[in-house]
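**Student:** So that we are looking at the same thing, I have put the structure below in structure tokens.
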């Protein structure tokens with residue numbers, strides 16, 4: 001997996017003056033037909049044993065989406081969790097939706113519609129924390145954080161956007177002025193994700 005270095009990214013941004021591309025981004029060719037005004041952010045999951053990173057990543061996504069002003073209403077992962085705790089059907093449906101995605105790579109339209117109606121949202125975002133670690137070598141402290149997400153129209157079940165990013169920060173060992181942590185690396189990864197978020201109702205640019 002290719003990892004990007006903080007210093008190189010800053011240099012590219014200063015020289016190029018444009019938003020750096022994500023490591024992976026796939027926009028539906030039909031995105032121009034959709035214009036969701038609300039989004040529910042489902043709680044993040046992960047299989048790397050860092051459950052504490054889930055809430056942190058969800059909060060960072062909420063912050064980025066609020067600042068982007070792309071949506072009129074954003075339902076945060078905490079609200080979704082509360083609803084799931086009060087409604088066993090919500091737990092079952094959201095779990096089945098995720099399981100179906102993992103097993104088939106497909107978004108189940110009926111389940112997506114149920115979730116959208118239950119949460120009163122015309123789109124949902126769900127994803128996983130794919131990296132959250134720190135490592136020390138004789139010369140560096142290395143901090144990695146990454147995520148993968150999908151943005152789905154709940155009325156049709158169509159996946160409007162799939163994206164992923166892993167961000168790496170290297171600090172000196174010993175670190176004096178450049179100390180960091182995986183939490184900051186996720187800030188940088190999330191900034192890239194939100195900056196590259198496709199505009200609703202606008203057809204993707206021709207490649």
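The values are calculated or read from the model by the stated rules, or taken from the named source; none is laboratory data. None of the values given here were measured: they were computed from a predicted structure. Neighbour counts run over all protein chains shown; Cβ positions are idealised from the backbone, glycine included.
**Student:** Those residues that are crowded, with 17+ Cβ neighbours inside 10 Å and under 14 Å from residue 186 (Cβ atoms), I need them from region 32-57; list them, please.
**Tutor:** Answer for region 32-57, where residues must be crowded, with 17+ Cβ neighbours inside 10 Å and under 14 Å from residue 186 (Cβ atoms): 44, 46, 53, 54, 56, 57.
Rundown of residues vs (1) at pLDDT 95 or above; (2) farther than 18 Å from residue 51 by Cβ; (3) in contact with a strand residue (DSSP E or B) (Cβ under 9 Å, 6 or more places away or on another chain), yes/no style:
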site: 81; (1), (2), (3): yes, no, no
site: 91; (1), (2), (3): yes, no, no
site: 94; (1), (2), (3): yes, no, yes
site: 106; (1), (2), (3): yes, yes, yes
site: 113; (1), (2), (3): yes, yes, no
site: 124; (1), (2), (3): yes, yes, yes
site: 130; (1), (2), (3): yes, no, yes
site: 144; (1), (2), (3): yes, no, yes
site: 157; (1), (2), (3): yes, yes, no
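**Student:** A further question follows. Among all residue pairs at least 6 apart or on different chains, which show Cβ distances below 6 Å where the first residue, located in region 81-93, is at negative phi and surrounded by fewer than 16 Cβ atoms within 10 Å (Cβ to Cβ) and the second is assigned to a helix (DSSP H, G or I) and at pLDDT 95 or above?
**Tutor:** Pairs found: 91/84.
**Student:** While we're here: crowded, with 18+ Cβ neighbours inside 10 Å and in a helix (DSSP H, G or I): which single residue out of 112, 131 fits that description?
**Tutor:** None of the others qualify; the one that does is 112.
**Student:** Any chance you could count how many residues in region 125-146 are touching a residue at least 24 places away in the same chain (Cβ under 8 Å) and over 11 Å from the mean Cα position of the chain (by Cα)?
**Tutor:** 14
**Student:** Hey, among 149, 192, which residue is in a strand (DSSP E or B) and either surrounded by fewer than 17 Cβ atoms within 10 Å (Cβ to Cβ) or touching a residue at least 24 places away in the same chain (Cβ under 8 Å) (or both)?
**Tutor:** 149
**Student:** Separate question: Within the bounds of region 159-178, is there any residue that is crowded, with 16+ Cβ neighbours inside 10 Å and not in a strand (DSSP E or B)?
**Tutor:** no
**Student:** Hey, any hits in region 102-109 for a residue that's surrounded by 19 or more Cβ atoms within 10 Å (Cβ to Cβ) and in a helix (DSSP H, G or I)?
**Tutor:** There is no residue in region 102-109 that is surrounded by 19 or more Cβ atoms within 10 Å (Cβ to Cβ) and in a helix (DSSP H, G or I).
**Student:** Hey, among 69, 63, which residue is surrounded by fewer than 16 Cβ atoms within 10 Å (Cβ to Cβ) and at positive phi?
**Tutor:** When all the criteria are applied, what remains is 69.
**Student:** Of all residues in region 198-207, which are surrounded by fewer than 18 Cβ atoms within 10 Å (Cβ to Cβ) and either closer than 15 Å to residue 22 by Cβ or at pLDDT 95 or above (or both)?
**Tutor:** 204, 205, 207
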